[in-house]
Every structure is written in C-alpha cells, then in structure tokens.
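Colleague: Shown below is the structure under consideration.
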Amino acid sequence: MKKKVALILLVICVSFTLSGCWSSEEPKNLAIINSIIYDCDEEGNYLVTAQIINTSSISSSGMGTTTDKNPSLIIKGKGASVAAAVDNMTARLEKNLFAAHNKVRFLSQRLVSDEYCFTKFLDFIFRDSIADETSLLVVVKNEDLDKIYKSAIGLATLTGNFVDTLHQKKQEHSSSSVFYRTFEFVREYYEDGIDPVMGQVYFHPLEGTPTLNPGGDMKEAKYELTSEGMAVFKDLRFVDFMDASDTEIYNVVFNNAKIVKFDMFLDSDTVSMVLVKPSADIKVSKKDDQVYVDIKVTGKIIVSNFFIYDINDENSDARLKEVEAKASEHLAKRSVESIKRGLALGCDIYGFGQKFHASNPKVWREISKDWENYYKNAIVNVEYKLNLSREGEINRPFAKED
Amino acid sequence: MDQQKIPDSELMFNQLKLDFKNSFDMKIERVPTNSGEVVLAYVDGMINRDLFNRDVITPLKSDSFAGDIPKSILTSIDKVDDHQKFIIEILNGSLGIYYNGERFISDIRKWEKRSVETPGSENATRGPKEGFTEDLLTNTALLRRKIRNENLVLESRVLGRQSRTKVVIGYVDGIANKEVLALLRERLDQIDIDSVLETGTIEQLIDNKPLIPLSTIGMSQKPDVIASKIMEGRVCLFCDGSPHALYLPELFIENLQRSEDYYHRAPIATFLRIIRFIGFLISVILPGFYVGMATFNPEMLPPSFLVTIISSMEQTPFPEAIEILFLVLMMELLKESGTRLPKALGSAVSIVGALIIGEAAVNAGIVSAPSVIIVALSAVAGFIVPNLNEFTTIYKLIFIIFASLMGIIGLAAVLVIMITQLSAMRSFDIPIMSFFHKNELKDSLLRFPTRHLRFRPASIQRENFKRIGK
C-alpha cells in the first residue's frame, strides 16, 4: 500500500513538474497572428508588422465576419534585433501574441539581401519555442511592404490565409511558384550539395477602379498580389529572383510540378499543351574535370488547343505524333536554357551536387569545396520522353472541312 | 419455542398469533371439522382465494372428512416437522395447515405481479423483447424456456436475516467455470446482512473492490442475454423482487457489446461495436482533451477552430476548465432529474435543460458555445455505453481536473492510471481485460461471423471449449 501511495505521489509530482502547468494560457488572452512582415531599415533596425485576427469580428453564430468590424488588426514593432522589435510590438497589445498559427512570413528584399540581418532573423525564428516552423516563407519583391495589407485578397478575409492558399493552389494549377515552408528552406540550407530557394510574391497597382474586397479589411483595394517565381539563395545570401518560366523548370527537375502549361508555334499557329506530372531522373557524372548532367523527363502531354487549317481526319494522327516530338524538343531546349541560367547565378539550386554526392561519395569529398567551379561549367543534357495522351478527347479538329 | 412438544389446535393458534405479532395481514383461522379443529395460517394477498375455498375449505368442511389431511386437501401438500420452517413457508406465501399435532404446507401461492414487459433500459431492434420481472419464479421460468436442458442448475438460497430474500444461482453444469461458481458460493455464504432487496446490494457485497467506479459484475434484464452469458460459462444470480439478473465474471469489453450484435450480421455488428468504443472514448476523454488543448496546446487546434473558441469566449467570465466543469455538473444534474422524474416530465426537463438553459447560457455570455457542444457531445456519447455510466462520469471529471492542471501530460498520466487500473481489475479472479486471446479477439471489439465463433471465451472457460462442432 505504501509503495502504491508513493508511486501515485511520484506520478503526480513528475507530471506537475514536467507539464509546465505555469504555461497554461486561457485562449481568450491570445492574439493570433495570421501573417508577419519582417523588414529592416538602413540603420540595421528590424521592422516587424503583424496582422492579428480580430476574433471579436467573428459572429457568435459562426456565419463569418460581422460587417462593422475589421477582421484584422495591423500592429508594428521596431527594434535593434528581431526579438526587440517583437517585444516592442507585444507591448502595444493587451493580449499575448500567439504565432503558432502564423500562415506566412513575408520577408523584404532588403532583409534577405543583408546576410547578417537575415541570419539573425533565422536565429530568432529557430530559438523561439512558440514560432511555427511550418509557416510559408516568401520574399516580397517590392519596397513599402505595408501595401501587402492594402492588396486585394480574393474571397479570403486575411492576407496570410490568402497567400498560403494561393501558393498551394498554384502548385495544383501551374508550377510557376515554389511553396517553401520555413523548415524546408533551412533544411536545404543545411544539406550538402544544394542551395535553398524561397517563394516570391509581388504586388502591383490595380488598373482602373479599385476592386471591392469582400473579405479583407480594405474595402477598396488598390493593389493586387501575385505569387510567381522564386528567390534564389547561395547559402544564406540572397542572389537573385528567377521568373515564372524558370520556376516551372525548377519544379520539373525537382518532381514538384503537377502540370506545366506551355505554348508552341507550329505551322504559324499556336498549339497549347499541358505537361502532366512529369518525372525527372537526374544523373550527374564527372569525367576529366568536367561535370555532365543528364536529365531524363518522362510524362504525359495533353493538347488543349490544336487547330491548324490543313489538318483533316486522315493526317490528324500523324500530325499529333509530330507535335509529340516537337514538344519534347521544345521543352528540352527550354529546360537546358533555364538550368544554365540558374547555374550561372552561382547557385546549385537544382541539387546536382547532392545527386553527385549520392552516386560518388568518395569523389564528392575531394571536389565538394570546389563544387561551384564544376557545376557552373557543367554540360547539361535534358531529354524529354513524352506520351501524348488523348483519353476522352476528340480525334479530329473542331471544324471539319467538307 | 419447543420443537418436540406438539401443541393442540388452540395452543398452536395462540402460538402463531404470537409468532406473527398480530399483524393484520397474517390470517390465522380455526376451522371446525367433523374430526376436530384445523388451524389454517396464511398471508392475506399471497394465496389463491379460489383454490383455498375450493380445494381446502370445502374438503375440510365436508362430512366425508375423516382427519386425513393429505388425502382430503386437493392441492399439493407437504408435511413439515420444523415449526420455524413452517413459519417461513407461510411467510413465503404457502398455506399453513395444523391438525392434530401435524403441520402441513400447501402451495397455493398467488399474488399480484407485473407482467413480462420489454425492459426500458435494454431496448433492442432485433431479438426477444421480453424482460425479467420482480417475481423470481417467472424469471427462472423465462430462463428455463431459453435453455431446456437438464444441466441448467438453479440453486436456491436465502439471504438477509430479516428479509429472508430468495436468491437463485443459475449455471449450466459442465460449461460453467467451477472456480467462479465456488468463489460465488463462498462470497454469498459470507454475506451477513439484515435485508437484501435488490441484486445491486448483492453485487456490492460480492464485489471485492466496491470503491472502484466500474462494476465487474454484469447485469441484465433480458432472459436471452442471461442465457447467452451462462452458455459461455458464466454464472448468473437472481434475487426475488428484482428484475435485474447478475452474471459473472464480466469482462470490460462486454460493456461495449449488445445482445443484438449476435443477431445482426458480422460487419454491422463490428461497426456498431467500434462506434460504441469511440463513444466511450469521446465520453471519457473529450472534455479533458479539449481543456488541455485549449489552455496548454492551442497550437495543436486547427486555426479556424481556435478562432471560433476565442471569439465565443470573448465575453465569458470563467476560465475554460471551470466552464467545462460547470457544464459537466449541469449535465449530470439534468441527467439525474430526467431519470427520476416521470417520463413526460423527464423529457420536458431534457428540453428545458438542453435547449433553453444551454442556449440562454451561451447568449448571456456565461458559457461559450464550443464548451456546450463538447460537453453535450460527451454526454450523448456516454449514452451509447450506459453500462459504463459511473465509470465515464468519474473519469471524465478526473481527466478535466488533470488536463486543466497539467495539459496533455496530465491527460496522458490519467490515461495510464486508468488503463493500469483496468488491467489490474479482476472479476471473480478473472482479469477483466483478458479478451486479447486469439479466440476471443474474434468476438471482442470485432465480431467475426457466427460460424467462426467456434469456441467459448477462453478467459472464462476452463473445459468444454467448443461451441460449434463436436
């Protein structure tokens, strides 16, 4: 009996001491951050702007927001370090900031361009026990980042939700952007033989009359957010942006692309095609101080628009075969050009070093320090093996000539 | 009183008057006959008046009565030598006859009793609808009709010094676990109490851990349930005056099983058992889990749900844990009042409680809507497993208290304690969690098709395992 009592007391004591019951927090005392902008000024001060969900604007019946209250609150903080800026921001709020459900971290180009500032920022994020490492990490291409919160956000009520969903949708409908969460960026930074990238957004003024923004706090949005392209890093140093087209090839190489839409000129007409779920197989080899990169991509292509006047029922199949070959050729050329552009930036964002390390670990140990010189001059060969899929599609052009 | 000396009719009359303390319902009559006086004693309201007049009084008053009681009385009659036994039989409803120094009893019992009805607490969509009544003989007859086998043994004994309640142990000889049977007899022998009015009293007296809020003795009001249980090797117990029959040992998994599981096809029976298990978990853990999550680990809740919680808690005055505890107590109050009140009023109380008080409390900002939903969901889930009601109520409160103090670690600690306690519990020396035997898994949380249930539960059965086939 004494042993039992002792055991129960021990369990209770251990539970109390391990549980950290002092960290209990009533939910109503939390201010939930939906997105944060991190920026820095010329003097090296950090500027933090957070969008906080205004929970009192949510109607008790759960039918959405009430009309008279803003769905969010924008709060700013400034300090010599990120922690100081966040503290400064916290001091202005009667509730405790809760960043675990933060959807997006917007980083200014100024912040990521300054390696020292950017490193300090990452150090803060990974030291903070509450900060969520699964937040989307994006670089904003513009100055004056506050305008993000004055941009149209579709049918969403909060910018963070909008950008997060937009990036996810982009992965399904196109491959022109990358979706990197905080921990994924850092994982690529720590990995050998690969340089990290980050998502990119930019806003631009809306043309014509301001759009009515049904959900956002700005009833009349003056800007529009676009998620396209990516920011390329060498270690933790920002190098440059790559456009939507290059991002598509990046996603193909990484097997992240679900669909790639492209147009091709054929017989002075434009053929619209869709590459579906391409699968890339990369082989990196070295021969006489020369690195060779062979990429073989297999996938299915679908013709979304193919209307050429001289095609009739008889030669339609043959012309489609021709399209298949030309599409492979077109994509291969585009891929080689895009990869070379990426390598020319001095960053191995495609992870060729990682592939080479996996296949030749001994050689990698010898050349890893000079890897930059090798991949910059690598001979890249891309081959597409495409299969034209015509399941459920009509076999002939829309307008049939008599 | 002197057992050897046989008093004459007047002495016996006075003796019986004295024995029954002149109670108004105890009828003691002196009937003059051709061959002297006969003393009749019975409890008014417990004998069949028609039989009494036709088969007892008329033959006694007839001219042909020559003093031979067994031959004259037309009903079954037994001679009793012991005066104390004579008294007890009269109290049990028999007619006591005293003549010329000899005591007889005649079984012409008849009293008002409830007819066989469907038990309200064990409704079933399929299967027999009949239920036990308060009459012991009716109950044993109902069981005997289910198992028409000479091996069905119904052992009678009397419990309660004052109430002298008849208790019957039922089992199938050759199938029943003999160790359990011996243990039951031993524990019944140890009972020394003045009155036993219900099987609930016996249950607590024969259970070795009455403080734990989980009964290790099963209870049912349905003859088909009791019949199936004793055919698995269990032992049942009836008590005169109680429509609830006990069966033992009871394994924990049986709380999640219903008699109709065996009448339905296997897939739906399995699905329903899993639903009951989920219901049990929701009922016990959900309120505590919600408190732990909301106050210690809000990051684990989906953002939109957390926003809803915060928005609905904006105006409420109490901390989350207090709110949930308050609502759980309110729900218990409503449950208790709904159960005790007459049916019509009971449903009115439920409506007032659930709709009016709940909604008004939310609108007034006293409690938040998610808390009401969580507690209501837990209560509704609890109704799925009514047998575990006491267990879920107590552990639900423990979970809430520990979760509010220690969060997820508190929950985990209570969960470990709960599982340890369940694992350590035994029902008549058989571990209640012993349903993990490969043969028993076919009829535990899952229910295999009937043709696969070839063996009786291995944890209960010691011999005669086969149920299907020879």
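The values are calculated or read from the model by the stated rules, or taken from the named source; none is laboratory data. Being a predicted model, the structure only gives us computed values, none of them experimental. We place every Cβ from the backbone using ideal geometry, glycine too, and count neighbours over all the protein chains shown.
Colleague: Look through B:S259, B:S242, B:S228, B:S195 and report the one residue that is modelled with pLDDT under 90 and small (G, A, S). Don't jump to the end; show me each part of the working.
Modeller: Details: B:S242 fails: modelled with pLDDT under 90; B:S228 fails: modelled with pLDDT under 90; B:S195 fails: modelled with pLDDT under 90.
Just a single option satisfies the conditions, and that option is B:S259.
Colleague: Could you go through segment B:155-172 and let me know if any residue there is among the β-branched types (V, I, T) and out of contact with any strand residue (DSSP E or B) (no Cβ under 8 Å at 6 or more places or on another chain).
Modeller: Checked against the condition, which is being among the β-branched types (V, I, T) and out of contact with any strand residue (DSSP E or B) (no Cβ under 8 Å at 6 or more places or on another chain), segment B:155-172 yields no hits at all.
Colleague: OK, next. With respect to B:S378, is the statement that it is at pLDDT below 90, more than 9 Å from chain A (Cβ to nearest Cβ) and touching a helix residue (DSSP H, G or I) at 6+ places or on another chain (Cβ under 6 Å) true? Spell out how you get there, then give the answer.
Modeller: Values: at pLDDT below 90: no; more than 9 Å from chain A (Cβ to nearest Cβ): yes; touching a helix residue (DSSP H, G or I) at 6+ places or on another chain (Cβ under 6 Å): yes.
For B:S378, the condition - at pLDDT below 90, more than 9 Å from chain A (Cβ to nearest Cβ) and touching a helix residue (DSSP H, G or I) at 6+ places or on another chain (Cβ under 6 Å) - is not met.
Colleague: Please determine, by comparing only the residues of segment B:312-322 that are outside any loop (DSSP other than H, G, I, E, B) and surrounded by fewer than 24 Cβ atoms within 10 Å (Cβ to Cβ), which one is nearest to the other protein chains (Cβ to nearest Cβ). Break it down stepwise before answering.
Modeller: Let us first name the residues in segment B:312-322 that are outside any loop (DSSP other than H, G, I, E, B), namely B:312-313, B:320-322.
Within this subset, residues satisfying the condition of being surrounded by fewer than 24 Cβ atoms within 10 Å (Cβ to Cβ) are B:321-322.
Numbers: B:A321: 9, B:I322: 10 Å.
By that ranking, first place goes to B:A321.
Colleague: Continuing with this model, one more query. Hey, does segment B:421-443 have a residue that's of a type in the set (V, I, T), crowded, with 20+ Cβ neighbours inside 10 Å and closer than 30 Å to B:M313 by Cα?
Modeller: The answer is no; no qualifying residue exists.
Colleague: I need the full set of residues from segment B:231-251 which are surrounded by fewer than 21 Cβ atoms within 10 Å (Cβ to Cβ) and in contact with a Leu (Cβ under 9 Å, 6 or more places away or on another chain), in order please.
Modeller: Correct list: B:G241 only.
Colleague: Residues to consider are B:L281, B:L256; find the one that is within 30 Å of B:I310 (Cα to Cα) and either in contact with a helix residue (DSSP H, G or I) (Cβ under 6 Å, 6 or more places away or on another chain) or in the same structural domain as B:P386 (by TED's automatic domain parsing) (or both).
Modeller: Numbers: B:L256 fails: within 30 Å of B:I310 (Cα to Cα).
Result: B:L281 is the single residue among B:L281, B:L256 that is within 30 Å of B:I310 (Cα to Cα) and either in contact with a helix residue (DSSP H, G or I) (Cβ under 6 Å, 6 or more places away or on another chain) or in the same structural domain as B:P386 (by TED's automatic domain parsing) (or both).
Colleague: Now, a different point. For segment A:1-118, give me every one of the helices (runs of 4 or more DSSP H) that falls completely inside it and has 3 or more residues that are more than 30 Å from A:V197 (Cα to Cα) and at pLDDT below 90.
Modeller: Here the list reads A:2-19.
Colleague: Could you please give the count of residues in segment B:76-131 that are under 28 Å from B:G36 (Cα atoms), of a type in the set (D, E, K, R) and either within 25 Å of the chain's Cα centre (by Cα) or in a strand (DSSP E or B) (or both)? Lay out the reasoning, then the answer.
Modeller: First pass over segment B:76-131, keeping only residues under 28 Å from B:G36 (Cα atoms): B:76-109.
Now restrict to residues that are of a type in the set (D, E, K, R): B:78-79, B:81-82, B:85, B:89, B:102-103, B:107, B:109.
From what's left, either within 25 Å of the chain's Cα centre (by Cα) or in a strand (DSSP E or B) (or both): B:78-79, B:102-103, B:109.
Qualifying residue count for the region: 5.
Colleague: Going residue by residue through segment B:123-130, is there one that turns out to be of a type in the set (K, R), in contact (Cβ under 8 Å) with a residue 60 or more places away in the chain and loosely packed, with under 14 Cβ neighbours inside 10 Å? Lay out the reasoning, then the answer.
Modeller: If we filter segment B:123-130 for residues that are of a type in the set (K, R), which is where we start, we get B:126, B:129.
Adding the requirement that they be in contact (Cβ under 8 Å) with a residue 60 or more places away in the chain leaves B:126.
Restricting the remaining residues to those that are loosely packed, with under 14 Cβ neighbours inside 10 Å gives B:126.
Yes, some residue in segment B:123-130 is of a type in the set (K, R), in contact (Cβ under 8 Å) with a residue 60 or more places away in the chain and loosely packed, with under 14 Cβ neighbours inside 10 Å.
Colleague: Could I ask something else about it? Quick check, is B:T216 touching a residue at least 40 places away in the same chain (Cβ under 8 Å) and either in contact with a strand residue (DSSP E or B) (Cβ under 9 Å, 6 or more places away or on another chain) or farther than 19 Å from B:N139 by Cα (or both)?
Modeller: Numbers: touching a residue at least 40 places away in the same chain (Cβ under 8 Å): yes; either in contact with a strand residue (DSSP E or B) (Cβ under 9 Å, 6 or more places away or on another chain) or farther than 19 Å from B:N139 by Cα (or both): yes.
In short, yes.
Each row is one residue, and each column tells you yes or no for (1) assigned by TED's automatic domain parsing to the domain that holds B:K27; (2) under 21 Å from B:G200 (Cα atoms).
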residue: B:L95; (1), (2): yes, no
residue: B:N100; (1), (2): yes, no
residue: B:S115; (1), (2): no, no
residue: B:K129; (1), (2): no, no
residue: B:T138; (1), (2): no, yes
residue: B:I147; (1), (2): no, no
residue: B:L154; (1), (2): no, yes
residue: B:R164; (1), (2): no, yes
residue: B:I175; (1), (2): no, no
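Colleague: Would you confirm, using the coordinates I've provided, whether B:A424 is within 14 Å of chain A (Cβ to nearest Cβ) and either closer than 18 Å to B:N177 by Cβ or in contact with a Pro (Cβ under 9 Å, 6 or more places away or on another chain) (or both)?
Modeller: Details: within 14 Å of chain A (Cβ to nearest Cβ): yes; either closer than 18 Å to B:N177 by Cβ or in contact with a Pro (Cβ under 9 Å, 6 or more places away or on another chain) (or both): yes.
Taking the combined requirement at face value, the residue satisfies it.
Colleague: Can you tell which of A:S151, A:S175, A:S135 is closer than 16 Å to A:K103 by Cβ, assigned by TED's automatic domain parsing to the domain that holds A:I53 and in contact with a helix residue (DSSP H, G or I) (Cβ under 6 Å, 6 or more places away or on another chain)? Break it down into steps so the answer makes sense when it comes.
Modeller: Working: A:S151 fails: in contact with a helix residue (DSSP H, G or I) (Cβ under 6 Å, 6 or more places away or on another chain); A:S175 fails: closer than 16 Å to A:K103 by Cβ.
One residue alone meets the criteria, A:S135.
Colleague: If you go through segment A:168-177 one residue at a time, do you hit one that is closer than 18 Å to B:P303 by Cα and within 14 Å of another protein chain (Cβ to nearest Cβ)? Explain how you work it out, then say what you get.
Modeller: First, pick out the residues of segment A:168-177 that are closer than 18 Å to B:P303 by Cα: A:168.
With the extra rule that they be within 14 Å of another protein chain (Cβ to nearest Cβ), the set shrinks to none.
The answer is no, given that none of the residues of segment A:168-177 is closer than 18 Å to B:P303 by Cα and within 14 Å of another protein chain (Cβ to nearest Cβ).
Colleague: Would you mind telling me which numbered condition in (1) among the polar types (S, T, N, Q); (2) more than 27 Å from A:V139 (Cα to Cα); (3) modelled with pLDDT of 90 or more A:T247 fails?
Modeller: (2)
Colleague: Continuing with the same structure: Step by step: first the residues of segment B:269-291, then only those that are within 14 Å of chain A (Cβ to nearest Cβ) and closer than 14 Å to B:P370 by Cβ, then the one that is surrounded by the most Cβ atoms within 10 Å (Cβ to Cβ). Which residue is that? Full working, then the answer.
Modeller: We begin by selecting, within segment B:269-291, every residue within 14 Å of chain A (Cβ to nearest Cβ); these are B:288, B:290-291.
Right, trim to closer than 14 Å to B:P370 by Cβ and you get B:290-291.
Values: B:Y290: 24, B:V291: 30.
Among those residues, the one meeting the criterion is B:V291.
Colleague: Condition test on B:S371, is it within 25 Å of B:I409 (Cα to Cα) and either of a type in the set (S, T, Y) or touching a Leu at 6+ places or on another chain (Cβ under 7 Å) (or both)?
Modeller: Yes, satisfied.
Residue-by-condition table, conditions (1) touching a residue at least 24 places away in the same chain (Cβ under 8 Å); (2) among the basic types (K, R); (3) over 30 Å from B:Q162 (Cβ atoms):
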site: B:E10; (1), (2), (3): yes, no, no
site: B:N14; (1), (2), (3): no, no, no
site: B:F24; (1), (2), (3): no, no, no
site: B:V39; (1), (2), (3): yes, no, no
site: B:D44; (1), (2), (3): no, no, no
site: B:L51; (1), (2), (3): yes, no, no
site: B:R54; (1), (2), (3): no, yes, yes
site: B:F86; (1), (2), (3): no, no, no
site: B:G93; (1), (2), (3): yes, no, no
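Colleague: Does segment B:344-352 include one or more residues that are touching an Asp or Glu at 6+ places or on another chain (Cβ under 9 Å) and more than 14 Å from every other protein chain (Cβ to nearest Cβ)? Steps first, answer last, please.
Modeller: Let us first name the residues in segment B:344-352 that are touching an Asp or Glu at 6+ places or on another chain (Cβ under 9 Å), namely none.
No.
Colleague: For segment B:355-374, check the following and say yes or no: at least one residue is touching a strand residue (DSSP E or B) at 6+ places or on another chain (Cβ under 6 Å), more than 22 Å from B:R276 (Cβ to Cβ) and either part of a helix (DSSP H, G or I) or within 14 Å of chain A (Cβ to nearest Cβ) (or both). Talk me through it step by step, then tell me what you get.
Modeller: Restricting attention to segment B:355-374, the residues satisfying the condition of being touching a strand residue (DSSP E or B) at 6+ places or on another chain (Cβ under 6 Å) are none.
Taking every residue of segment B:355-374 in turn, none turns out to be touching a strand residue (DSSP E or B) at 6+ places or on another chain (Cβ under 6 Å), more than 22 Å from B:R276 (Cβ to Cβ) and either part of a helix (DSSP H, G or I) or within 14 Å of chain A (Cβ to nearest Cβ) (or both).
Colleague: I've got another one for you. Counting only residues that are among the polar types (S, T, N, Q) and surrounded by fewer than 16 Cβ atoms within 10 Å (Cβ to Cβ), how many does segment B:44-101 have?
Modeller: Pass one, segment B:44-101, residues among the polar types (S, T, N, Q): B:48, B:53, B:58, B:62, B:64, B:72, B:75-76, B:84, B:92, B:94, B:100.
If we keep only those that are surrounded by fewer than 16 Cβ atoms within 10 Å (Cβ to Cβ) too, we end up with B:53, B:58, B:62, B:64, B:75-76, B:84, B:100.
Selection size over segment B:44-101: 8.
Colleague: Among (1) in contact with a Gly (Cβ under 8 Å, 6 or more places away or on another chain); (2) in contact (Cβ under 8 Å) with a residue 24 or more places away in the chain; (3) closer than 15 Å to B:S283 by Cα; (4) away from chain A (no Cβ under 14 Å), where does B:I400 come up short?
Modeller: So B:I400 meets the others, but not (4).
Colleague: Of all residues in segment A:95-144, which are hydroxyl-bearing (S, T, Y) and either within 17 Å of A:Y180 (Cα to Cα) or under 15 Å from the mean Cα position of the chain (by Cα) (or both)? Full working, then the answer.
Modeller: So in segment A:95-144, the residues hydroxyl-bearing (S, T, Y) come out as A:108, A:113, A:116, A:119, A:129, A:134-135.
Selection gives A:S108, A:T134, A:S135.
Colleague: Sort out for me the helices (runs of 4 or more DSSP H) sitting completely within segment A:339-402 that have 1 or more residues that are at pLDDT below 90 and closer than 18 Å to A:V197 by Cα. Let's see the steps before the verdict.
Modeller: Working: elements: A:352-359, A:361-367, A:371-376.
Once the helices (runs of 4 or more DSSP H) in segment A:339-402 are filtered for at least 1 residues that are at pLDDT below 90 and closer than 18 Å to A:V197 by Cα, what remains is A:371-376.
Colleague: State yes or no: is B:T393 of a type in the set (V, I, T) and over 29 Å from the mean Cα position of the chain (by Cα)?
Modeller: On the way: of a type in the set (V, I, T): yes; over 29 Å from the mean Cα position of the chain (by Cα): no.
For B:T393, the condition - of a type in the set (V, I, T) and over 29 Å from the mean Cα position of the chain (by Cα) - is not met.
Colleague: Can you say whether B:N151 is at pLDDT 90 or above and either of a type outside the set (G, A, S) or in contact with a strand residue (DSSP E or B) (Cβ under 6 Å, 6 or more places away or on another chain) (or both), as far as the supplied structure shows? Steps first, answer last, please.
Modeller: Details: at pLDDT 90 or above: yes; either of a type outside the set (G, A, S) or in contact with a strand residue (DSSP E or B) (Cβ under 6 Å, 6 or more places away or on another chain) (or both): yes.
Against the criterion (at pLDDT 90 or above and either of a type outside the set (G, A, S) or in contact with a strand residue (DSSP E or B) (Cβ under 6 Å, 6 or more places away or on another chain) (or both)), B:N151 qualifies.
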